[in-house]
1. So for the pair His126, Ala104, with labels modelled 7 Å out along Cα→Cβ, what separation do we get in nm?
2. Go through 61-72, 114-125 and give me the packing order, highest mean Cβ count within 10 Å leading.
3. If one takes the longest principal axis of the Cα atoms in the chain, at what angle in degrees, from 0 to 90 and to the nearest 10, does the Cα axis of helix 3-12 lie?
4. For Glu112 and Val55, what is the calculated FRET efficiency with R₀ set at 22 Å and r taken between the beta-carbons, to the nearest 0.05?
5. List the lysines whose Cα sits under 22 Å from the Cα of Lys42, skipping any in the same chain fewer than 8 residues away.
6. Is the shape of the stretch 56-106 rounded, prolate or oblate, going by the alpha carbon gyration tensor and its root eigenvalues a ≥ b ≥ c, with a/c under 1.5 for rounded and a/b larger than b/c for prolate?
7. Expressed as an acute angle from 0 to 90° and rounded to the nearest 10, what is the orientation of the C-alpha long axis of helix 73-87 relative to the principal long axis of the chain?
8. Taking the inverse of the average 1/r across all pairs of different Cα atoms in the stretch 3-135, what Kirkwood radius in Å do you get?
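All of the numbers you see were taken from the coordinates with simple rules; none came from a lab. Everything numeric in this text was worked out from a predicted model, so none of it was measured. Here Cβ is always computed from backbone atoms with ideal geometry, including for glycine, and neighbour counts include all displayed protein chains.
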Amino acid sequence: MTLDAFIRALADGSAAPLHLMLPDGAFVPAHFHVTEVGRVQKDFIDCGGTVRSSVACVLQVWVADDTGHRLDTTKLAAILRLAAPVLKATDLPVEVEYETGVVAQYPVAAAEVTPGGVLLHLGAKHTACLAPDRCGVGPAAPAGCATPGCC
């Protein structure tokens with residue numbers, strides 16, 4: 001989900017509670033905080049030698065022991081307005097960074113307005129070879145790596 005679609009989803013649930021559902025169906029505790037909103041840019045070279053870049057809006061979520069805390073759509077929308085100069089764009093994909101044993105980032109896959117508030121469905125991220133044609137991986141790949149220095 002892009003930031004502009006995310007902001008529209010927050011507006012659809014005016015002052016509604018937020019709920020974060022992890023890919024396995026578990027929920028982030030309702031008293032979570034958004035402790036950071038950032039524009040994260042990753043510049044890298046893939047295993048086939050192509051230079052790439054990815055940029056995302058990352059919301060860092062943290063759970064403390066203040067169980068009475070609740071972040072609603074209006075408060076998060078206000079935080080995102082404050083972050084606009086840092087984010088610089090609204091076409092960025094939105095990800096949630098959350099720690100459950102390890103710190104992981106989850107793309108926001110969908111937002112759903114429910115009777116209980118706005119439910120944010122978090123997706124899973126996966127690793128993959130970005131240059132399968134250069135590395136010789138895939139359904140017709142030979143055993144081992146086909147390109148020296150690759151994989």
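1. That separation, rounded to one decimal, is 1.4 nm.
2. 114-125, 61-72
3. Tilt of helix 3-12: around 30 degrees.
4. For Glu112 and Val55, the calculated efficiency is 0.30.
5. Lys88, Lys125
6. It is oblate, given that a/c is not under 1.5 and a/b is not larger than b/c.
7. The angle comes out near 50 degrees.
8. Final number for the Kirkwood radius of the stretch 3-135 is 15.9 Å.
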